[in-house]
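Novice: Sharing a structure below in structure tokens format, with a few things to ask.
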Amino acid sequence: MVGAIALLYTLSPPALAAESALTVYRSATCRCCGDWVDHMQAAGFEVQEIVTDDMTAIKASYGVPENLASCHTAIINNYRIEGHVPAADVQRLLREQPDILGIAAPGMPIGAPGMEMGDRLDPYAVVSFTADGETATFAEHP
């Protein structure tokens, strides 16, 4: 019974809320960034938005490779989330905790969360990246 109590304690709402706190850096003029924030909140993430005029400096300070850049950068549990990454991929990242710096949906893929355009869904990949610049496919989306 002690194990069950310990399990309940570790899955309490405060622990889950702390794990899902997401800081999002974005430009004030970017509508799709706000739509992505809405997507993340709908998936249960607590979001703190920081509006800035210098996204280039934010990306550089967090080690986001230029070739993986998108319009917004988010931080959660020391992981970098670049661009329109689906909430399910962020949840998988937090669950698996791989030894990487972050994941990115480079550019602005049509159909990704926040980039919806009717029924159009362009295939895209979410890429993992390390501090050493190594990349690998993390997820593929049709």
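Novice: Multiply the residue gap between A43 and E66 by 0.36 nm, knock off their C-alpha separation, and tell me the result in nm, one decimal place.
Specialist: Here the answer is 5.5 nm.
Novice: A follow-up question, please. Can you give the angle from 0 to 90° between the axis of helix 31-42 and the longest principal axis of the chain, with both taken from C-alpha atoms, to the nearest 10?
Specialist: 20
Novice: Now, a different point. Starting from the 7 Å offset along Cα-to-Cβ, what nm value, one decimal, do you get for the label separation of M108 and D53?
Specialist: 2.1
Novice: Between E96 and E134, what is 0.36 nm times their sequence separation minus the Cα-Cα distance? Round to one decimal in nm.
Specialist: Extra length available between E96 and E134 comes to 11.8 nm.
Novice: Here's another thing I want to ask about it. Ordered by residue, what ³J(HN,Hα) values in Hz, to whole numbers, does the stretch 60-67 give under the Karplus form 6.51 cos²θ - 1.76 cosθ + 1.60, where θ = phi - 60° and Gly and Pro are x?
Specialist: Couplings: 5, 5, 9, x, 7, x, 4, 6 Hz.
Novice: Now for a different question. Can you sort H84, H39 so the residue with the fewest Cβ neighbours within 10 Å comes first?
Specialist: H39, H84
Novice: Let me ask you something else. So what's Rg/Rh here for the stretch 21-141, counting alpha carbon atoms and using the Kirkwood radius for Rh?
Specialist: Reported Rg/Rh (Cα atoms, Kirkwood Rh): 0.92.
Here, each number is a calculation from the coordinates, and none is a lab measurement. Since we're looking at a predicted model, the values are computed, not measured. Note that each Cβ is placed from the backbone with ideal geometry, even for glycine, and that neighbours are counted across all protein chains shown.
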